[in-house]
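Comments concern the structure below.
The values are calculated or read from the model by the stated rules, or taken from the named source; none is laboratory data. Just so it is clear, the model here is predicted, and its values are computed rather than measured. As a convention, Cβ positions derive from the backbone with ideal geometry for all residues, glycine included, and neighbour counts pool all protein chains shown.
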Amino acid sequence: MKKYIHINQHVIKSNHKHNKREPVITVKTYKSNTYGHQVHILGECKVVYSPDKPLSCGAKVWIETDAEVITIPDIPFRKKGETNEATTRAKAKT
C-alpha cells in the first residue's frame with residue numbers, strides 16, 4: 001500500500017508558540033493518517049517536491065513508499081544538551 005510521509009509545518013509552529021510537543025510527522029494512506037515523532041521506513045522510498053501539484057493536505061514535499069513504515073508516536077522531551085541511553089551508547093562506540 002502506498003504511503004505518503006510529510007512534516008506538518010503548522011504543528012511545528014503551534015508547538016513552538018504554545019510550548020507543546022505534538023507529533024509533526026504524518027504518514028498517510030488512502031484509508032488513514034498516523035502521526036508520530038519519528039518514522040522508520042523499512043525499504044525503498046523516494047522524496048518528492050511538487051509545488052504545482054501538492055498533496056490534498058497542502059504538502060509540497062513528501063516521501064513516498066510502498067515499504068512498511070513504523071511510526072513512533074511519542075519520544076520523551078529532552079532539554080538541549082541532554083542525551084538518551086541509545087545516543088550515549090552510540091557515542092561511546094566511536
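Quick look at the numbers
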quantity: Top-ranked residue of the range 40-68 - restricted to ones that are over 16 Å from residue 1 (Cα atoms) and of a type in the set (Val, Ile, Thr), ranked as surrounded by the fewest Cβ atoms within 10 Å (Cβ to Cβ); calculated: 47
quantity: Complete set of residues in the range 24-48 that are of a type in the set (Val, Ile, Thr) and within 11 Å of residue 70 (Cα to Cα); calculated: 27, 34, 39, 41
quantity: Failed item in (1) part of a loop (DSSP other than H, G, I, E, B); (2) hydroxyl-bearing (Ser, Thr, Tyr); (3) modelled with pLDDT of 95 or more, with residue 56 passing the rest; calculated: (3)
quantity: Among residues of the range 14-47, those that are part of a helix (DSSP H, G or I) and either hydrophobic (A, V, I, L, M, F, W, C) or more than 15 Å from the chain's Cα centre (by Cα) (or both), counted; calculated: 4
